[in-house]
Amino acid sequence: MKRILVTGSVGQIGSELTMALRKRYGNDNVVAGGRKTAPSPELRDSGPFEVCDCVDIDVVRRVVKKHEVGTIYHLAAILSAVAEAKPNLAWDVNINGLYNVLEIARENNCAVFVPSSIGAFGPTTPLDNTPQDTIQRPNTMYGVTKVAGELLCDYYYKRFDVDCRGVRYPGIISNVTLPGGGTTDYAVEIYYEAIKNKKYTCNLKAGTFLDMMYMPDAIKGAIDLMEAEPAKLKHLNAFNVTAMSFDPEMIAAEIKKHIPEFTMDYKVDPVKQGIADSWPNNMDDSAAREEWGWSPEYDLPRMTEDMIAVLSEKLK
Ligand code: NAD
Ligand code: AKB
């Protein structure tokens, strides 16, 4: 089979998606692409690893040709909070990096998975039951790059027939690799702090509802979409997907069921709060459900039970 390349494989999603792809398609068939951060021994030793800075098109071309890559899961990106602090870097990685990957995909007839985000919406989007096709006028650099990325993927499909698929992920919660500088990171940190210190200071205020998803569902969604029958896909790219919506009070209350002494207070980060306020409270993901059978397994109680069990072992 043609091989798979995962860019950004050392990151929060990439580190787990790469291992899931290796399990499914064979270790040697999945190339992990990383940049500066050292990969975990598991990622480095279980299959091929290449330094692959997506901003350098020659490097991406060399890796794709060397390993005869047929599918690229393009996860290299700068997330929302870091993007507000470093907008130039976010533009370079999220736009020029994506452009390079799409160009190489066009040259080599590769399929591509590109995650967009709830960050592709903005304050004028309907924030409840956010439709699949709606107003997208984000006011963050992350959002600008995500909307442009969605459009670029549509363009490469229409103009060059590049099979370019993707989802709009909500905040992803996981226990292997820490998140890389987003607005939804609090929903991961809260579990680590609950187990380590029995308390957490939240940087978003009570009542800030956001869509979220547990990592196993995020990985299953990516693979299911890439394996979906093309004829069934009306949208192809930028599918709304969600598994749950909660605010800080709700996640804290759920944690308290397992750790009764847990307490939470607030120190709001105005930048992150501004970003979160511009994002949907909850999305309508019926297009993904209808077109390729999206159906998440984890809700807040089930995810919390698993997160606490896994992290209690890990942080012993
Ligand atoms: P992450 O920050 O954890 O990982 C991204 C990786 O990309 C990092 O390892 C980083 O070193 C690498 N990277 C940065 N610049 C690079 C470059 N020039 N070349 C190659 N690699 C580079 O991010 P993630 O959470 O794993 O996100 C992956 C994708 O999913 C991104 O497109 C992100 O926008 C999207 N997404 C993530 C979430 C989430 O909650 N994690 C939610 C919505 C969308
Ligand atoms: C972020 O907060 O930047 C990401 C995302 C929802 O895109 N987790």
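The values are calculated or read from the model by the stated rules, or taken from the named source; none is laboratory data. As the structure is a prediction and not an experimental result, all values here were calculated from the model. Backbone-built Cβ (ideal geometry, glycine too); neighbour counts: all protein chains shown.
Just one of (1) surrounded by fewer than 23 Cβ atoms within 10 Å (Cβ to Cβ); (2) part of a helix (DSSP H, G or I); (3) more than 15 Å from ligand 1 (Cβ to nearest atom) fails for Ala194. It is (1). Taking residues in the range 23-38 that are within 14 Å of Ala77 (Cβ to Cβ), and partners anywhere that are modelled with pLDDT of 95 or more and part of a loop (DSSP other than H, G, I, E, B), the pairs with Cβ atoms closer than 6 Å and at least 6 places apart or on different chains are Gly33/Ser9; Gly33/Cys52; Gly34/Ser9; Gly34/Val10; Arg35/Asp53; Thr37/Val10.
Rundown of residues vs (1) assigned to a loop (DSSP other than H, G, I, E, B); (2) of a type in the set (A, V, I, L, M, F, W, C); (3) within 14 Å of ligand 2 (Cβ to nearest atom); (4) outside the structural domain of Thr208 (by TED's automatic domain parsing), yes/no style:
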residue	(1), (2), (3), (4)
Ala77	yes, yes, yes, yes
Ala83	no, yes, yes, yes
Ala90	no, yes, yes, yes
Asn94	no, no, yes, yes
Val144	no, yes, yes, yes
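Would you be able to tell me the number of residues in the range 149-189 that are part of a strand (DSSP E or B) and within 10 Å of ligand 2 (Cβ to nearest atom)? Residues meeting the conditions: 5.
Considering only the range 54-71, state which residues are touching a residue at least 12 places away in the same chain (Cβ under 8 Å), not in a strand (DSSP E or B) and not charged (D, E, K, R). Within the range 54-71, Cys54, Val55, Ile57, Val60, Val63, Val64, His67 meet the criteria. Selection over the range 158-172 of residues that are surrounded by 18 or more Cβ atoms within 10 Å (Cβ to Cβ) and either within 8 Å of ligand 1 (Cβ to nearest atom) or among the aromatic types (Phe, Trp, Tyr) (or both) gives a count of 5.
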